1. Report the residue count in segment 531-573 for those that are in a helix (DSSP H, G or I) and either among the aliphatic types (A, V, I, L, M) or under 15 Å from Gly605 (Cα atoms) (or both).
2. Which helices (runs of 4 or more DSSP H) does segment 446-530 wholly contain that include 2 or more residues that are farther than 25 Å from Pro576 by Cβ, assigned by TED's automatic domain parsing to the domain that holds Cys544 and at pLDDT 95 or above?
3. Any residue at all in segment 177-186 that's assigned to a loop (DSSP other than H, G, I, E, B) and touching a helix residue (DSSP H, G or I) at 6+ places or on another chain (Cβ under 9 Å)?
4. Residues in segment 420-430: is at least one of a type in the set (Asp, Glu), buried (at least 21 other Cβ atoms within 10 Å of the Cβ) and not in a loop (DSSP other than H, G, I, E, B)?
5. When segment 193-215 is examined, which residues are found to be among the small types (Gly, Ala, Ser) and either over 34 Å from the mean Cα position of the chain (by Cα) or not in a loop (DSSP other than H, G, I, E, B) (or both)?
6. With the requirement that a residue be surrounded by fewer than 16 Cβ atoms within 10 Å (Cβ to Cβ) and either free of Cβ contacts under 8 Å to residues at least 60 places away in the same chain or assigned to a helix (DSSP H, G or I) (or both), what does segment 244-253 give you?
7. So which of Arg235, Arg218 ends up being surrounded by fewer than 20 Cβ atoms within 10 Å (Cβ to Cβ), out of contact with any helix residue (DSSP H, G or I) (no Cβ under 9 Å at 6 or more places or on another chain) and either not in a loop (DSSP other than H, G, I, E, B) or not assigned by TED's automatic domain parsing to the domain that holds Ser357 (or both)?
8. In the set Ala346, Ala362, which member is closer than 28 Å to Ala17 by Cβ, of a type in the set (A, V, I, L, M, F, W, C) and under 23 Å from the mean Cα position of the chain (by Cα)?
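The values are calculated or read from the model by the stated rules, or taken from the named source; none is laboratory data. Treat the numbers as computed from the prediction; the structure is a model and nothing was measured. Because the Cβ atoms are built from the backbone with ideal geometry, glycine has one as well, and the counts that use them run over all protein chains shown.
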Amino acid sequence: MTATADAPARADAALDACLDRGVAHLRSLQAEDGYWWAELESNATMAAEHLLLERFLGTHDAERERGIARYLLGLQQADGSWPVYWGGPGDVSVTTEAWFALKVAGVDPERAEMTRARDFVRAHGGAGAARVFTKLWLALFGQFDWDGLPAMPPEAILLPPSSPLNIYAFASWARATIVPILVVWASRPVAPLPEGAGVDELFLHPDHRRAIRFPRDRAPLSWRNAFLAADRALRAHERLPWKPLRKRALDACERWILAHQEADGSWGGIQPPWVYSLIALKCRGYSMDHPVMRRGLDGFLGDFALRRGDAFAVQPCLSPVWDTALAVTGLREAGVPADDEALRRAGHWLLATEVRSLGDWAVSTPGVEPGGFPFEFANEQYPDTDDTAEVLIALRLLDVPGKDAPFHRAKAWLRAMQSANGGWGAFDRDNDRQFVTKIPFADFGATLDPPTEDVTAHIAECFALEGTSPRDPMLRRAIDYLWRTQEEDGAWWGRWGVNYVYGLGAAVPALVAAGADAADPRLRRASRWLLDHQLPDGGWGESCATYDDPSLRGGGPSTASQTAWALLALLALEPPDHPAIARGAEWLIGAQSANGEWEEPQFTGTGFPRDFMLKYHLYRNCWPLWALGRYRRLREGAPLHLPGTDPLA
């Protein structure tokens, strides 16, 4: 046999060996209880704010502060800044918070790293150019004037759900953050600082510590200008001694906060509402001996803590349900059988995370039986539609008894959560009142949870795979939504993953699963986009910078997760022996480490596009197995989608 004839056999052997190594490595990461859970990495503000939180609460520990300082200094870039995502440009808000935390921890302000950071902040407008949230942290320690912050009167909690500006008009993560801030803003606490730990040198002018200048819209009649006028009126009202509803409002905020604490001590399962809820309750007189406060701090120091040697930080969130669902599907695609004992344990664990309580979602979707699955270990208030879809896709592939009832409940819940335009948001239905994004306080990222392409695609794929007809009104509306949101060049925007590659990796397989013809001109445009943006090395990659500059779409370097997403889309549209698919598979095989994992320093996930980016440490290990496993199956003549083991499939 010639060397040329030998090539396919060698390629098959390399693919098999790659999958075997990847499966073995992913198996090694499974917890004894059956779940997968990897680090969720964000930026320096998590560690900086944790240090400041403990200073405010009076629970700071010298060794922990030294660990946070080591962690922060390890993330600093050569120009002295800290970025929003790995390799990104320095950010004045993140850098201000990191510098402040380091100074509070006792790092010498004349140390080279500190002077570089100070120079960066001053060169980019000073601390006066930082976001509102950064200024709120400064105000907590007397470094910014509370009167300079936008008005957040606690009476807002009393607005009924029918009111346009009630708290349920905001995204789940935003409302859970806003409610405690209402208390903090009204209380205006100032915690002591160590001597010399202030931030005077970060401000370019003393006036920048006393006010925030919000630019007005050019058009005189606009929501932004109306809110700016309302802000001035509310701040003037705050100076009056008579506030007849203040006590009632603060009591209502306190009750809301207490009712929303999760079993692990968190609020919403995420860092922002968690830290402000602890601060708000301290403002209300809660001591650190109170069970709510103790549970809240212990949660940060438990599962959420990141301890790397002598460094310390906290994660913004935990992703075990999401990680487990993706790992299960990746392993099944890679050839692990449905009755594998490890996968059965994963299935039982997933079923046990089903949400059976009414949460905030029921305000806009009343009369629906609870169902669905969360993102975290503990989040009874906020199951999310994206996790629910991926869990159902994974459960469909497992031979696990007892899944029928949760499956039915989750499908009914997903149907009820569909928005009027046919798409799905992550946590709420029809959470898309754009005017609420114009309030002066809303510069901290996404304040809404509108339907998005990627979430809708995952849900549409979930229903299509279990046999829902494309003529079903719910699925028909979802498909129409996906076609409407396709970009002119054939791509889809990615809300929860970076970016257009993620959107394509979600939308294309969903549309094909729902019956779309791969020859449809719209899907041919999608295929052409992927072919045009394949990088010279055979992979695909895309920077977080595409959210600021869409012209950078599809720009590398290649990453394991993004190459896998691109391959999943192409495998739905092209034959498995297509040269671009073969080159992409070869890149993934060649990029794998000897221990079966893939390295990926880049951030390919999002919290809030532009403002808060994420790195899911399991993505680089589960998505390549999913794509390469499907590639091998299709080359062997198997169908595009694995058959389900559920009797309804």
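1. Looking only at segment 531-573, we keep the residues that are in a helix (DSSP H, G or I), and these are 531-532, 544-547, 550-552, 560-571.
In the following step, the residues that additionally are either among the aliphatic types (A, V, I, L, M) or under 15 Å from Gly605 (Cα atoms) (or both) were identified as 531, 544-547, 552, 560-571.
Residues in segment 531-573 being in a helix (DSSP H, G or I) and either among the aliphatic types (A, V, I, L, M) or under 15 Å from Gly605 (Cα atoms) (or both): 18 in total.
2. On the way: elements: 453-465, 473-485, 500-513.
The qualifying helices (runs of 4 or more DSSP H) are 453-465, 473-485.
3. No, because not a single residue in segment 177-186 is assigned to a loop (DSSP other than H, G, I, E, B) and touching a helix residue (DSSP H, G or I) at 6+ places or on another chain (Cβ under 9 Å).
4. First, pick out the residues of segment 420-430 that are of a type in the set (Asp, Glu): 428, 430.
Add one more test, that the residue is buried (at least 21 other Cβ atoms within 10 Å of the Cβ), and what stays is 428.
If we keep only those that are not in a loop (DSSP other than H, G, I, E, B) too, we end up with none.
Scanning segment 420-430 turns up no residue that is of a type in the set (Asp, Glu), buried (at least 21 other Cβ atoms within 10 Å of the Cβ) and not in a loop (DSSP other than H, G, I, E, B).
5. Keep residues of segment 193-215 that are among the small types (Gly, Ala, Ser), which gives 196-198, 211.
Residue satisfying the conditions is Gly196 alone.
6. From segment 244-253, those surrounded by fewer than 16 Cβ atoms within 10 Å (Cβ to Cβ) are 244-248, 251; that's our starting set.
The answer is Pro244, Arg246, Lys247, Arg248, Asp251.
7. Details: Arg235 fails: out of contact with any helix residue (DSSP H, G or I) (no Cβ under 9 Å at 6 or more places or on another chain).
Every option except Arg218 fails the conditions.
8. Working: Ala362 fails: closer than 28 Å to Ala17 by Cβ.
Step by step, each of Ala346, Ala362 is checked, and only Ala346 is closer than 28 Å to Ala17 by Cβ, of a type in the set (A, V, I, L, M, F, W, C) and under 23 Å from the mean Cα position of the chain (by Cα).
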